[in-house]
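K.L.:
To start, I am sharing the structure in question, which I have written as structure tokens.
The values are calculated or read from the model by the stated rules, or taken from the named source; none is laboratory data. None of the values given here were measured: they were computed from a predicted structure. Backbone-built Cβ (ideal geometry, glycine too); neighbour counts: all protein chains shown.
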């Protein structure tokens, strides 16, 4: 019985030591790659983190002045690219566990046909990255002169919305158009 307990204790200690060494190696590797970027014009790049907050996944994110990149995969690599002027809104969600380990998920709403709305999952310094992305998107939209029309009329309290500029032509129904 004592031999079995000693073997189990040895296995547990071995797993813990291997995990600690892996975390240390990851930290050293990430620090050594800090100034080496995959794309020379990137403003920001990071890997998606796993549930422990470690960058041991095969999903990479990158941001330059005009595009947001998502690279996924190890054997079969897939690269997505979203033009920043097509991004309409950015928001951030952070679960309790993500707050504990220092990560978050950015929700990106876009009019891009291939990506549509997507998530930048489990990234480090998520609040800073969200603000950086939001400012870069706004700068790119202004430089391309892309504006989103939004309805500025408040229709609260059950009031009906009137056609203020008479461009709708009266009683026509547009419910079947996209």
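K.L.:
Can you find a residue in the range 144-152 that is out of contact with any strand residue (DSSP E or B) (no Cβ under 7 Å at 6 or more places or on another chain), closer than 20 Å to residue 41 by Cβ, modelled with pLDDT under 90 and surrounded by 11 or more Cβ atoms within 10 Å (Cβ to Cβ)? Steps first, answer last, please.
P.N.:
Initial filter on the range 144-152 (out of contact with any strand residue (DSSP E or B) (no Cβ under 7 Å at 6 or more places or on another chain)): 144-147, 149-152.
Those still in the list that are closer than 20 Å to residue 41 by Cβ too: 144.
Still in the running and modelled with pLDDT under 90: 144.
Within this subset, residues satisfying the condition of being surrounded by 11 or more Cβ atoms within 10 Å (Cβ to Cβ) are 144.
Within the range 144-152, one or more residues are out of contact with any strand residue (DSSP E or B) (no Cβ under 7 Å at 6 or more places or on another chain), closer than 20 Å to residue 41 by Cβ, modelled with pLDDT under 90 and surrounded by 11 or more Cβ atoms within 10 Å (Cβ to Cβ).
K.L.:
Among strands (runs of 3 or more DSSP E) lying entirely in the range 75-139, which contain 2 or more residues that are touching a helix residue (DSSP H, G or I) at 6+ places or on another chain (Cβ under 7 Å) and at negative phi?
P.N.:
Output list reads 87-93, 103-110.
K.L.:
May I pose another question? Quickly run through the range 95-106 and pick out the residues that are surrounded by 15 or more Cβ atoms within 10 Å (Cβ to Cβ) and touching a strand residue (DSSP E or B) at 6+ places or on another chain (Cβ under 7 Å). Even if it seems obvious, please write down each step before you answer.
P.N.:
First pass over the range 95-106, keeping only residues surrounded by 15 or more Cβ atoms within 10 Å (Cβ to Cβ): 98, 101, 103-106.
The answer is 98, 103, 104, 105, 106.
K.L.:
Okay, moving on. Here are the criteria: (1) at pLDDT 90 or above; (2) under 21 Å from residue 46 (Cα atoms). Tell me which single one residue 86 does not satisfy.
P.N.:
Among (1) at pLDDT 90 or above; (2) under 21 Å from residue 46 (Cα atoms), residue 86 violates only (2).
K.L.:
Under the condition of being outside any strand (DSSP E or B) and surrounded by 14 or more Cβ atoms within 10 Å (Cβ to Cβ), which residue from the range 44-55 is nearest to the chain's Cα centre (by Cα)?
P.N.:
Looking at the filtered set, the residue picked out is 48.
K.L.:
Still on this model: In this structure, is residue 67 under 21 Å from residue 41 (Cβ atoms), surrounded by 15 or more Cβ atoms within 10 Å (Cβ to Cβ), assigned by TED's automatic domain parsing to the domain that holds residue 41 and out of contact with any helix residue (DSSP H, G or I) (no Cβ under 7 Å at 6 or more places or on another chain)? Don't jump to the end; show me each part of the working.
P.N.:
Values: under 21 Å from residue 41 (Cβ atoms): yes; surrounded by 15 or more Cβ atoms within 10 Å (Cβ to Cβ): yes; assigned by TED's automatic domain parsing to the domain that holds residue 41: yes; out of contact with any helix residue (DSSP H, G or I) (no Cβ under 7 Å at 6 or more places or on another chain): no.
Criteria not met by residue 67.
K.L.:
Next question. Residue pairs, Cβ under 6 Å, 6 or more apart or interchain, first in the range 100-118 and in the same structural domain as residue 50 (by TED's automatic domain parsing), second assigned to a loop (DSSP other than H, G, I, E, B) and buried (at least 18 other Cβ atoms within 10 Å of the Cβ). List them.
P.N.:
Close Cβ pairs satisfying both conditions: 103/49.
K.L.:
Scan 85, 61 and give me the residue that is buried (at least 19 other Cβ atoms within 10 Å of the Cβ) and farther than 30 Å from residue 25 by Cβ.
P.N.:
Working: 61 fails: farther than 30 Å from residue 25 by Cβ.
Unique residue meeting the criteria: 85.
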